[in-house]
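One structure is given below, encoded as structure tokens.
The values are calculated or read from the model by the stated rules, or taken from the named source; none is laboratory data. Since the structure is predicted, the reported quantities are computational estimates derived from the model, not experimental observations. Cβ placement follows ideal geometry from the backbone for every residue including glycine, while neighbour counts extend to all protein chains displayed. When the accessible area is computed, the model is the full protein with side chains, heavy atoms only, and any ligands, DNA or RNA have been set aside. Shrake-Rupley method; radii C 1.70, N 1.55, O 1.52, S 1.80 Å.
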Amino acid sequence: MSKNILALLVVSVCAFGAVTASAAGLSDNMKTLGANLQVVEKTNDAAELKNALSQMRTAALSAKEETPAKLKDKAADSAEMKDYHHGYDVLVGQIDDALKLTEEGKIAQAKAMAEQFKVTRGEYHKKYR
């Protein structure tokens, strides 16, 4: 009987861990976006800028697949969910533009794009945070 209890405990811990990891996904992506935005704003090194932008892009695409708490009761094809996804499409487009500028050696212009990132963040945080 103790083996059954131990097995149940292991399954319960694993299931709880999976739920917790899933719930933390959006939060972790937001932290990654924020931390790398600070790097983008401060660095003048092209390689560091490109790395930070690439990490932001990855986090934005990952966050797009998550559902914020405000939208948990909305259908996947609802107008709100479509708008939420559109926000990430806008952000990824801005990041792609900044990456292109970085690859062209236009570091100052790429860094200036961070202001657009902030505008997008502000607009969509008002709606879905």
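Anything in the range 72-113 that is in contact with a Lys or Arg (Cβ under 6 Å, 6 or more places away or on another chain) and more than 25 Å from R129 (Cα to Cα)? List them, or say none. The answer is T102, and nothing else.
Applying the condition of being in contact (Cβ under 8 Å) with a residue 24 or more places away in the chain and within 11 Å of A110 (Cβ to Cβ) to the range 44-54 and asking which residue is surrounded by the fewest Cβ atoms within 10 Å (Cβ to Cβ) yields N44. Within the range 36-53, the set of residues being part of a helix (DSSP H, G or I) and either in contact with a helix residue (DSSP H, G or I) (Cβ under 7 Å, 6 or more places away or on another chain) or of a type in the set (V, I, T) (or both) comprises N36, L37, V39, V40, E41, A46, E48, L49, K50, A52, L53. Considering only the range 55-71, I want to know if a residue exists there that is free of Cβ contacts under 8 Å to residues at least 24 places away in the same chain, among the small types (G, A, S), open to solvent by less than 80 Å² (accessible area, probe 1.4 Å) and touching a helix residue (DSSP H, G or I) at 6+ places or on another chain (Cβ under 6 Å). Looking for residues that are free of Cβ contacts under 8 Å to residues at least 24 places away in the same chain, among the small types (G, A, S), open to solvent by less than 80 Å² (accessible area, probe 1.4 Å) and touching a helix residue (DSSP H, G or I) at 6+ places or on another chain (Cβ under 6 Å), one finds none in the range 55-71, hence no.
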